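One structure is given below, encoded as structure tokens.
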Amino acid sequence: MHKKFRGTGVAIVTPFHKEGGIDFKSFRRLIDYQISNNTDYLVFLGTTGEAVTINDDERHAVINFAVEIVNERVPVVVSVGGNNTQKIISTIKNTDFTGVDALLSVSPYYNKPQQEGICDHYKTIAGVSPVPVILYNVPGRTGSNMKAETTLKIAHEVSNVIAVKEASKDLEQISEIIKDRPEGFLVLSGDDLITLPVLAVGGDGVISVTANVFPAEFSAMVKYGLNGNFEEARKIHLWLVDIIKALFTDGSPSGIKAALTIKGLCKNTLRLPLVKVNRTTYNQISNILKKMEEYPVMK
């Protein structure tokens, strides 16, 4: 089970029509694009998927569609998170997890709970989840950091928690988790720009935003890193640096949707309060993509 999520997972966007509804035709195209370009698994309804703007009916539709189109070609992860533990429990109990391989759940945001509260929150979620749970620590969005000791306590005490997506940008903290984790517990980078350093200290992969556009290259970089071939991995990492920085200039998923639009994979439509990247950023992304096409890192 754990090995399913070792490698490159992609936090896939949710494509929308210009009038606001979910664009399932583009969604199918994106899923097939990912799988045909060696993505190891797909994560639906996360931050990149604009889950907080998707209603319950749409949520069920996305999950059913994802399971149907993926059709067991790669593992499917669904995000269920928030800052109200009881609401998350209700959502889990009212979700059909048939065909879903794991649940990704973000550390509670806005409330800024104590570490004990974060720990009990996850223990409660794991206690009702019918599938394994992946923790998600992203202080830049939640307003609080899940400390290494908290992650390790959960990892050692809750068998249904199998991994952490670490987006703290703190290599010292990530190294502590890797050093003291229980056997089989995966540490996944939640920050595209430091994925290679995380692999270098013993991490197990990434859940990536940038791989929406560059699944083959990102997957290759991670595989090289996992196999200890850091010379080849470094080439791809450096090739990706400029686009990663540009994609996050005006926030995510605004940047990645702009890039996917330029690539002809989906429409550049987001739901408020998110808006498109500004014209300067759009042009920057477009220019970088053109340069990358002129000088591909993989033949």
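Each reported figure results from applying straightforward, stated rules to the coordinates on display, with no laboratory input. The structure displayed is predicted, hence computed values, not measured ones. Counting neighbours? That spans all protein chains shown, and the Cβs are built from the backbone with ideal geometry, glycine included.
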The condition from (1) on the phi > 0 side of the Ramachandran plot; (2) free of Cβ contacts under 8 Å to residues at least 24 places away in the same chain; (3) in contact with a helix residue (DSSP H, G or I) (Cβ under 8 Å, 6 or more places away or on another chain); (4) of a type outside the set (D, E, K, R) that G228 misses is numbered (3)
Scanning the range 244-257 for residues that are touching a Lys or Arg at 6+ places or on another chain (Cβ under 9 Å) and part of a helix (DSSP H, G or I), the one surrounded by the most Cβ atoms within 10 Å (Cβ to Cβ) turns out to be K257
Here the residues within the range 92-120 that are in a helix (DSSP H, G or I) and either charged (D, E, K, R) or in contact (Cβ under 8 Å) with a residue 12 or more places away in the chain (or both) are I92, K93, Q115, E116, I118, C119, D120
Of those in the range 91-107 that are touching a strand residue (DSSP E or B) at 6+ places or on another chain (Cβ under 7 Å) and hydroxyl-bearing (S, T, Y), the residue nearest to V78 (Cα to Cα) is S105
Residues in the range 135-181 that are among the hydroxyl-bearing types (S, T, Y) and more than 20 Å from G82 (Cα to Cα) total 2
Filter pass, A66 being hydrophobic (A, V, I, L, M, F, W, C), surrounded by fewer than 16 Cβ atoms within 10 Å (Cβ to Cβ) and not in a strand (DSSP E or B):
no
Selection from the range 162-192 of residues aliphatic (A, V, I, L, M), touching a residue at least 40 places away in the same chain (Cβ under 8 Å) and either farther than 18 Å from V10 by Cβ or in a loop (DSSP other than H, G, I, E, B) (or both) yields I162
